[in-house]
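This report concerns only the one structure given below.
Derivation of every value follows stated rules applied to the coordinates shown; laboratory data play no part. From a predicted model like this one, the values you see are computed outputs, not experimental measurements. All Cβ positions, even for glycine, are placed from backbone atoms using ideal geometry, and neighbour counts span all protein chains on display.
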Amino acid sequence: MKFNIKKFLWGLKWAFITYLVIIIISIPIIIYLSIGLPSLEEIERYKAPNSTKVYDINGKLIYEFHEERRVPVKIKELPKHVIMAFVLLEDRKFFNHWGVDIDRIIKSAIKNIFTLSIKEGASTITQQLARNMFLTQERTITRKIREILLAIKIERTFSKEEILERYLNQIYMGGGLYGIQSAAEYYFGKTAKELNPLEASILAGIPKDPSRYSPAKNYDLSLQRGKFILKLLYENKIITKDEYEKFKNYKPEIVYFKAPLSYGGIAPYFIDEVRKYVVSKYGEYFLFRGGGKIWTTLDSRIQEICNRIVDSMLNVYDKKFPTKPKYIDYNPKTKKPPKYLQVALVAIDNRTGYVLALIGGRNYYHSQFNRATQAYRQAGSAFKVFTYASAMEKGYNATDIVYDLPISIKLPDTVWQPENFDKEYLGPIPIWKAIALSKNLATVRLLLEIGPASASEMAKRLGIETNVPSYYSVALGAIDVRPIELINAFSTIASYGNRKKPILIIRIEDANGVILEENKPQSTIVMDSITAYLTINLLKHVVDAGTAIDARLVYKFEHPAGGKTGTTDDYRDAWFIGFTPDITLGVWFGYDSTRTIFPNATGTQLAVPVWSLIMKEIYKDKPKKDFYIPYGVKFVEVCRVSGKLPTKNCPRIYEPFREGREPKDYCPIHTSTKEVSDTTIEKNFLKELFR
């Protein structure tokens with residue numbers, strides 16, 4: 001056939017016109033679809049949101065704050081088989097194309113046309129990165145064009161290695177996990193650089209359909225897909241034949257990451273305090289997207305012990321006592337504040353001020369109100385410690401006599417007539433016995449001697465931040481305080497007068513490891529060590545022979561300890577704050593509405609059992625350690641009744657004295673020649689104690 005030059009030129013002309021029309025039409029479409037796409041500078045500055053990790057005092061990961069759970073990793077740290085498992089599966093021409101694979105687009109378009117659906121996406125790794133960084137997951141033509149345009153921009157901005165690194169840190173891996181590092185930690189309990197070829201292949205298979213190919217959900221299917229990718233690695237000479245043979249029949253163990261995914265993990269009220277502090281100082285972006293690290297004071301072991309025992313005992317109390325309403329009857333769907341019996345607990349390291357455990361309520365999901373740090377509750381008899389500490393500072397001895405007798409105090413508008421809890425009066429008794437049995441009238445009489453201002457000032461010095469008025473009723477705890485400050489005040493006594501501010505956060509680092517904040521224990525000496533020791537000794541009597549004696553007799557906690565129970569009017573609050581040389585642990589029970597828990601609901605009945613069980617488990621298999629005796633303290637054997645030097649007929653007790661203030665006179669009471677056996681003395685004393 002003769003070649004027709006005119007027809008050829010005519011066809012060429014119309015082809016050029018058609019091409020020109022397409023270009024003319026496409027340019028405004030491309031310009032329109034490019035509106036809103038990030039600039040090259042914005043692409044370069046983009047940082048994926050990284051989770052901020054929270055660690056306990058032993059370096060154990062206990063929680064992550066995140067929008068997306070991601071742990072960034074450098075591509076240079078990854079072995080070749082990890083990188084190529086993703087490349088071979090997702091985009092074999094990755095190192096040769098300019099962001100778009102035209103052949104794959106054409107094949108995909110043909111398949112979609114024949115199936116009348118969008119089943120093939122043909123997205124390259126660069127396109128997937130563009131979509132994950134800046135676009136949505138919707139399947140539309142406009143989004144696809146924007147994805148292509150953005151992929152071309154990304155290829156102009158980054159090298160292939162940089163694109164791969166961002167892709168491997170950005171890709172969704174199921175279960176709220178983003179990036180290969182977080183997936184490796186969660187599924188296999190190791191870092192990405194430690195993945196063997198099959199584990200890497202299993203992870204590479206997830207992004208196609210995370211809900212289907214997650215090894216946590218469909219192990220067999222994910223393993224089958226992983227072995228297919230493993231074979232690709234072998235066929236493309238990424239791994240050797242020996243490696244392929246070694247792993248083709250291997251079944252990796254899915255260990256799962258142990259940190260709880262629910263808010264706050266094992267300590268939601270503690271974590272919430274951390275959140276509030278970090279957001280107030282560094283902002284939400286840092287906490288939820290910044291990828292920082294927060295080392296806290298929380299001791300996971302102690303927190304878990306506290307959680308378990310508190311939950312168990314509260315269930316026992318709901319069954320045993322007439323608490324109303326019951327916890328099991330609460331319906332969270334009503335979104336009304338719960339009215340069941342609540343709890344607060346704080347454990348503090350006496351040496352550092354570190355908060356080792358914290359419980360702010362019975363169920364964080366029912367109520368986020370933190371009763372340990374936010375609630376103001378009457379301290380009751382637990383507040384008596386400040387009266388007795390002040391008396392010790394003023395030179396009183398534990399053996400000095402106070403009078404447990406009725407008293408009337410005239411006030412400007414009324415006459416105050418306090419009573420003992422048991423409505424019984426013991427008359428003249430030594431100070432150690434007055435605090436051991438928590439005698440109200442003896443305490444009020446002691447306060448009259450030293451002055452209410454002394455007790456108020458002592459409370460402030462030891463760590464009570466709430467305003468403490470100089471009223472007589474302060475002796476009996478008629479003041480509202482936050483549990484954490486009252487517990488910290490006891491810790492100040494247990495640390496021999498060294499007051500420390502409770503610390504929850506030890507150190508905060510940014511994503512680059514730069515230390516933003518470091519909180520080291522800082523103490524202020526607010527009481528001399530002799531006064532502190534004499535007060536500690538008084539509080540040991542409470543545990544050994546007083547209102548908290550159940551810790552010894554019933555719960556068999558044998559380590560040296562001191563503390564004070566507390567019960568408020570109408571049984572609205574039940575406390576016990578106790579300490580060993582190492583730890584101060586305070587427990588409170590009550591209703592949010594400050595109503596009666598139930599008749600005779602005391603700190604002895606509710607708080608002491610919980611404290612005892614927790615401390616017994618904390619100190620299981622640990623050697624006993626007593627409080628050290630500071631220089632200037634002298635132990636003297638005295639008469640248990642008179643506090644004087646004993647005759648041969650006196651019931652005896654060893655008590656510490658400030659050197660130079662020990663008794664010089666002999667007991668004037670037991671002057672009979674008839675001797676009394678120690679056994680008879682002890683039986684009579686215990687009979688008197690529990691009458």
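When the trypsin sites (Lys or Arg not before Pro) in the range 398-468 are filtered for DSSP coil states and for at most 16 other beta-carbon atoms within 10 Å of their beta-carbon, the remaining sites are K423. Each Lys or Arg adds one and each Asp or Glu takes one away; over the other residues whose Cβ falls under 12 Å from the Cβ of G566, this sums to +2. Applying a DSSP loop filter and a limit of 15 other Cβ atoms within 10 Å to the GluC sites (Glu not before Pro) in the range 330-431 leaves E419, E424. Taking a Cβ cut-off of under 11 Å around Q605, the surrounding Lys, Arg, Asp and Glu residues balance to a net charge of 0, with basic ones at +1 and acidic ones at -1. Restriction of the trypsin sites (Lys or Arg not before Pro) in the range 205-239 to DSSP coil positions whose beta-carbon has at most 13 other beta-carbons within 10 angstrom yields K208, K217, K237.
If you wrap the tightest convex hull around every Cα atom of the range 278-352 and split its volume per residue, you get 173 Å³. Over the range 177-252, the fraction of Cα-Cα pairs per 5 Å bin, rounded to whole percents and listed from the shortest bin up, is 3, 18, 29, 25, 17, 6, 1.
Taking neighbour counts of Cβ atoms within 10 Å as a proxy for exposure, in what order, fewest first, do K326, K500, K293 appear? Walk me through the intermediate numbers first.
Details: K326 13, K500 21, K293 18.
Fewest to most other Cβ atoms nearby, the residues stand as K326, K293, K500.
Over the range 501-593, the hull volume per residue, using the convex hull of the C-alpha atoms, is 190 Å³.
Cβ-Cβ distance of N307 and E162, R₀ of 51 Å, FRET efficiency by 1/(1 + (r/R0)^6): the value works out to about 0.65. One Cα centroid belongs to the range 260-330, the other to the range 420-448; the line between them spans 39 Å.
Projecting the Cα positions of P646, T580, T565 onto the charge dipole of the range 544-665 (unit charges on Cβ atoms of Lys, Arg, Asp and Glu, taken about the Cα centre) puts P646 furthest along the positive direction. Cα centroid separation, the range 543-559 to the range 50-74: 42 Å.
Regarding the range 152-283, what whole-number volume in Å³ per residue does the convex hull of its Cα atoms give?
148 Å³
Diffusion of the range 368-515 by Stokes-Einstein, at 25 °C in a medium of 0.890 mPa s and with Rh set to the Kirkwood radius over alpha-carbon pairs, works out to 147 µm²/s.
So if I place +1 on the C-beta of Lys and Arg and -1 on the C-beta of Asp and Glu, and nothing else carries charge, what would the dipole magnitude of the range 189-335 be about its Cα centre? I want it in debye, nearest 20.
Charge dipole of the range 189-335: 280 debye, to the nearest 20.
When the Cα atoms of the range 475-542 are aligned to their principal axes, the ranges along those axes come out at 52, 29, 18 Å in descending order.
Taking the Cα centre of the range 287-400 as the origin, how large is its charge dipole in debye, to the nearest 20, when only Lys and Arg (+1) and Asp and Glu (-1) carry charge on their Cβ atoms?
640 debye
Within the shell of other residues whose beta carbon sits under 15 angstrom from the beta carbon of L221, the net charge comes to +4, with Lys and Arg scored +1 and Asp and Glu -1.
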